[in-house]
Amino acid sequence: MGFYYKRNLPHYQPAGAEYWITMRLKGSLPRHLLEQFDKQYAYERNKRQSKAGKRAYERKKRRYIHRLLDEGNHGPTWLTRPEIAENVIAALHYRDEKEYELYAYTVMSNHLHLVFQHRSEKLTFNRSEKDYPVTEILGNFKRYTSRQANKILGRTGAFWQHESYDHVIRNAVELERIILYTLNNPVHVNLVSRWQDWPYSYCKPEWAKYF
């Protein structure tokens, strides 16, 4: 059974699927740079005659967004605070085996990547059509970690960007590629030489030796 909804990003959330999630801090992407990208690629964005062309555009924009996030010099970088990063990590592990099976994650300065399999047996189906399993998990996670982080920072207001990027992983080859990307995010931006040296990365223990 799957759920579909659309806000700014399209989401398809089949119960029990494997997911790659990217969530970022509020204000971590400058609006003018996103508008500049949309203007530059307006033709591709508006193209409707080719599904492949539309998907290619979405992949291009996703790579652009990830590059901006990896630069780490736009907006807040609160996740560099060890006490905030550790609270986020504790909340990720708390949900392991309850709401999902945790595969891997990396917490960066202004965003995090997360890979898991949704625990479909935990899903109750007597819900309204506006409820979506992964959206619900991420919403609860964001609300809790936002409260904890804002206490540390002595601030109020949005901590996370409201909407996250969620991608359904299609097969084992894609899963391996996504876990490699997730774990090696700090390596790619020259923060460490091996992913194991980054204090805010995790891989399921029985899989770690393969990455």
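The values are calculated or read from the model by the stated rules, or taken from the named source; none is laboratory data. Small disclaimer: the values here were computed from a predicted structure and weren't measured. Backbone-built Cβ (ideal geometry, glycine too); neighbour counts: all protein chains shown.
List of remarks:
- Look at the range 115-135: where a residue is closer than 22 Å to I89 by Cβ and buried (at least 18 other Cβ atoms within 10 Å of the Cβ), no partner that is among the β-branched types (V, I, T) and at pLDDT below 50 sits 6+ places away or on another chain with Cβ atoms under 8 Å.
- Scan of the range 163-181 for residues that are more than 16 Å from Q117 (Cβ to Cβ) and either in contact with a Phe, Trp or Tyr (Cβ under 7 Å, 6 or more places away or on another chain) or surrounded by 19 or more Cβ atoms within 10 Å (Cβ to Cβ) (or both), ordered by number: S164, L180
- Members of the range 1-43 found to be among the basic types (K, R) and either assigned to a strand (DSSP E or B) or at pLDDT below 65 (or both), listed by number: K6, R7, R24
- Here L191 fulfils each of the conditions (1) without any contact (Cβ under 8 Å) to a residue 40 or more places away in the chain; (2) assigned to a helix (DSSP H, G or I) apart from (2).
- In the range 194-211, the residues that are modelled with pLDDT of 95 or more, surrounded by fewer than 15 Cβ atoms within 10 Å (Cβ to Cβ) and assigned to a loop (DSSP other than H, G, I, E, B): R194, P199
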